[in-house]
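These notes are about the structure you will find just below.
The values are calculated or read from the model by the stated rules, or taken from the named source; none is laboratory data. If you're wondering where the values come from, they're calculated on a predicted model, not measured in any experiment. Don't worry about glycine lacking a Cβ; one is built from the backbone with ideal geometry, like all the others, and counts go over all protein chains shown.
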Amino acid sequence: MNATQQSDPAQTQVVGACPHDCPDTCSLQTTVVGGVAIKVQGNPAHPHTDGVLCTKVSRYTERVYHPERLLHPLKRVGPKGAGQFERVSWDTALNDIASRLKTIIACEPNGAEAILPYSYGGTLGLVQSDSMSARFFHRLGASLLDRTVCASAGCKGLTYTLGGKLGMRVEFFAESKLILIWGSNSISSNLHFWRYAQEAKRNGAKLICIDPRRSETADKCHEHIALLPGTDGALVLALMYELVTNDWLDHDYLAQYTLGWDAMRERALQWSPERAAVVCGILPEQIRSLARDYGACASSRQPTAIRVNYGVQRVHGGGNAVRLIASLPALIGAWRHRAGGVLLTSSGNFPIDHDALERPDLLGSRTPRTINMSTIGNDLLNPDIKALMVYNSNPVAIAPESAKVVQGFSREDLFTVVLEHFQTDTADYADYVLPATTQLEHWDVHMSYGHTDVLLNRPAIAPLGEAKPNTQIFRELAQRMGFVEPCFSEDDMTLCRMAYGDAVDFEVLLEEGFSTLKTEPAPFAQGNFPTPSGKCEFFSERLAALGQDGLPDHVPNHETFNSSSTYPLAMISPPARNFLNSSFVNVQSLQSMEGDPILEMHASDAAARGIQNGAYVRVFNQRGEHVCKVAISKRARSGVVNGLGVWWRKLGLSGTNVNQLTSQNLTDMGNAPTYYDCLVEVEATPGQ
Ligand SMILES: Nc1nc2c(c(=O)[nH]1)N[C@H]1C(S)=C(S)[C@@H](COP(=O)(O)OP(=O)(O)OC[C@H]3O[C@@H](n4cnc5c(=O)[nH]c(N)nc54)[C@H](O)[C@@H]3O)O[C@H]1N2
Ligand SMILES: Nc1nc2c(c(=O)[nH]1)N[C@H]1C(S)=C(S)[C@@H](COP(=O)(O)OP(=O)(O)OC[C@H]3O[C@@H](n4cnc5c(=O)[nH]c(N)nc54)[C@H](O)[C@@H]3O)O[C@H]1N2
Ligand code: SF4
Ligand SMILES: [Mo]
């Protein structure tokens, strides 16, 4: 089918791409009647999507035509946070924003560095995320943002060990005989991988889930290992111990294609299953059995695969945990088979021309400071940040340690502009809120971090109200700032073509809507790791040169689980299935499916506190408190509570969400947040 097809003249099918921060990057097919999108479905012609979308995006029209969609620029008229705004024209808003920015630049000793962009994964489109916006901020000389809030610990770990953000191709999981699903609730957050895993299961594969939570995915696996959060490193070291002591190793692979094996083996031999079991809160026999399954591959040459996801790296030792997990396939030579190895992210395959899109050359000789988005709570306490421009993100809801974040956003001397679809928790603190288009209303081009296809998004409908694409908003602001460089007048189609340059045939994208990158089926079958040594690096010279441990190790949590401490429960806050981070929380049908903000709790932990199923509880620690409804459930193991996230604060039970409790402590690598490294106590609220 053509990317835009009209069989019935009144009805058009438009092929697009899902913009959300999800590894699946589905191909969308939108049915448009009389200029109105009536249905968004999965494109049956795109193999990974296979005609299926998740529940959230199959309701995308509810989000696009939501009665509370922002359709006009707004100016704040009440106190920050109160959400009182009045409608203004685009001219008024943009002229005022430009003049405020000019004043800040002129008054500040550090000029434009007082301006900070803040953006993340509202859309993963290469054009609507960082093209015109990046050019604008580079031209200004604004502070740079370190975009660490999700994946940087794991990506660093993966890159030190394998050399890049690379791994198995997702479709080959269908041929694997053993799949470890590690820190991933795939049914909820990586549905189209799960479909390949199901195919493998039907062909006799064994599926083992490693996750503190008994997730929907764990329910459907053959085995579930419910370790304590942040103890994956200890588990891997003990697996290595078992692989070594039983000689379930591919000696040839280790000798030819790895670096630092002798030292790695010595370290692993410090970790008997008994020792690791105490740290992980599981039984030694569970570790032995997992090692037997994994090691069986070395002798039988059966393809053995690991789907590790970002859930393992939101703790202090997240980078080291990913280094250790990514090392495992080399021990048994799993990389020899295309259906063996590990996949965390496939994003390193995409030949994106970031320099053309983002134009860092516009900085000239200036070297602005870099601000870490994960510590925005602390960063904003610095009065040197005078203006904040937020797009594609909802930091007041998603950043850790919300009390500090709210305090920063409340600063009277901070000028805040938010580009949004909705009046989010963050938009409530804006001086100006600017209405942005959704994926059905703009052009974009996409990569994926879960498969290897490039996708094009065609607009299906005209922009609603006065909404404009992010690119257009920054173009118009650039004009008002007096930026005359030709790159500020390039249109979205030019930017779409520029994203991959000659590396991808744009005509194929226009015709089909997607195009598959050519990659090696078994990229590391004969080494060829893109590391400095060309080998899988157990030992990293690059880390050692930074004064760090060159070998991966188990790095304990900042907030180590201890049943006798003041805060004796470990809280993790993985995604609620029907939300995507804080997106979709305001879509009524999806919110109804989730009900209230839920805290899953093991029966023994609830009983010890006199808490009944369905009770409203106070979850608290030294950083704050948050009210949730308790679900006494087998999904929680003892000692761990699961606060399903990420609600809008104002739609929760107490005007807060789980991030009221999380800390701004960072990971061992990548300066990322440690959302799942968080101790709390729980008590029934009065009257329960
Ligand atoms: N429905 C839905 N889908 C999503 C998202 C969403 O919010 N909702 N978010 C999207 C985003 S931004 C991302 S980054 C991706 C990936 O998002 P991920 O963060 O990988 O999310 P999950 O797949 O839920 O996997 C996290 C799993 O890790 C488990 N976990 C927590 N701590 C640990 C630990 O210390 N060790 C181990 N082994 N497991 C742990 C949690 O219980 C959970 O089941 O998903 C994307 N997809
Ligand atoms: N406690 C806890 N906190 C977490 C996590 C967790 O597991 N637990 N997960 C973390 C992770 S993995 C991530 S990735 C972050 C995600 O954090 P964010 O990237 O901030 O994601 P969202 O909360 O979905 O907010 C995205 C916002 O962008 C807006 N948006 C979408 N498209 C566009 C557009 O085209 N233009 C503009 N201007 N706006 C648009 C949406 O309306 C939405 O409000 O959250 C992190 N926070
Ligand atoms: S599964 Fe992921 S990529 Fe596919 S429609 Fe849902 S959110 Fe989008
Ligand atoms: Mo994420």
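Descriptive notes on the structure:
- Close Cβ contacts (under 9 Å, 6 or more residues apart or on different chains) running from residues in the range 141-164 that are under 17 Å from residue 328 (Cα atoms) to residues that are within 16 Å of ligand 3 (Cβ to nearest atom) comprise 154/309; 154/310; 154/345; 155/345; 155/347; 158/345.
- Within the range 20-76, the set of residues being within 30 Å of residue 94 (Cα to Cα) and either within 10 Å of ligand 3 (Cβ to nearest atom) or among the β-branched types (Val, Ile, Thr) (or both) comprises 20, 21, 36, 60, 61, 64.
- Among the residues listed as 622, 660, the single one being in contact with a strand residue (DSSP E or B) (Cβ under 6 Å, 6 or more places away or on another chain) and not hydroxyl-bearing (Ser, Thr, Tyr): 660
- Selection within the range 383-399 - more than 20 Å from residue 581 (Cβ to Cβ) and either buried (at least 22 other Cβ atoms within 10 Å of the Cβ) or touching a residue at least 40 places away in the same chain (Cβ under 8 Å) (or both): 384, 385, 386, 387
- One residue stands out among those in the range 639-672 that are of a type in the set (Gly, Ala, Ser), in a loop (DSSP other than H, G, I, E, B) and in contact (Cβ under 8 Å) with a residue 60 or more places away in the chain: the one that is surrounded by the most Cβ atoms within 10 Å (Cβ to Cβ), which is 672.
- Taking strands (runs of 3 or more DSSP E) as the structural unit, those lying wholly within the range 7-122 and holding at least 3 residues that are touching a residue at least 24 places away in the same chain (Cβ under 8 Å) and among the aliphatic types (A, V, I, L, M) correspond to 11-17, 36-42.
- Qualifying positions in the range 209-261 - β-branched (Val, Ile, Thr) and either under 19 Å from residue 600 (Cβ atoms) or buried (at least 20 other Cβ atoms within 10 Å of the Cβ) (or both): 210, 217, 225, 231, 236, 258
- Residue tally, condition more than 13 Å from ligand 1 (Cβ to nearest atom), not in a helix (DSSP H, G or I) and not charged (D, E, K, R), over the range 175-201: 3
- Looking only at the range 522-575, and only at residues there that are of a type in the set (S, T, N, Q), more than 26 Å from the chain's Cα centre (by Cα) and closer than 30 Å to residue 637 by Cβ, the one that is surrounded by the fewest Cβ atoms within 10 Å (Cβ to Cβ): 564
- Within the set 413, 444, 361, 431, the sole residue that is farther than 30 Å from residue 154 by Cα, touching an Asp or Glu at 6+ places or on another chain (Cβ under 9 Å) and of a type in the set (Asp, Glu) turns out to be 431.
- Failed item in (1) in a helix (DSSP H, G or I); (2) closer than 22 Å to residue 173 by Cα, with residue 224 passing the rest: (1)
For every residue, the table says whether it meets (1) assigned by TED's automatic domain parsing to the domain that holds residue 282; (2) modelled with pLDDT of 95 or more; (3) over 30 Å from residue 265 (Cα atoms).
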{"site": "538", "(1), (2), (3)": "yes, yes, no"}
{"site": "562", "(1), (2), (3)": "no, no, no"}
{"site": "582", "(1), (2), (3)": "no, yes, yes"}
{"site": "612", "(1), (2), (3)": "no, yes, yes"}
{"site": "615", "(1), (2), (3)": "no, yes, yes"}
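- Pairs, first within 18 Å of residue 466 (Cα to Cα) and assigned by TED's automatic domain parsing to the domain that holds residue 96 in the range 422-446, second within 16 Å of ligand 1 (Cβ to nearest atom) and of a type in the set (S, T, N, Q), C-beta under 7 Å, six or more apart: 422/586; 439/123
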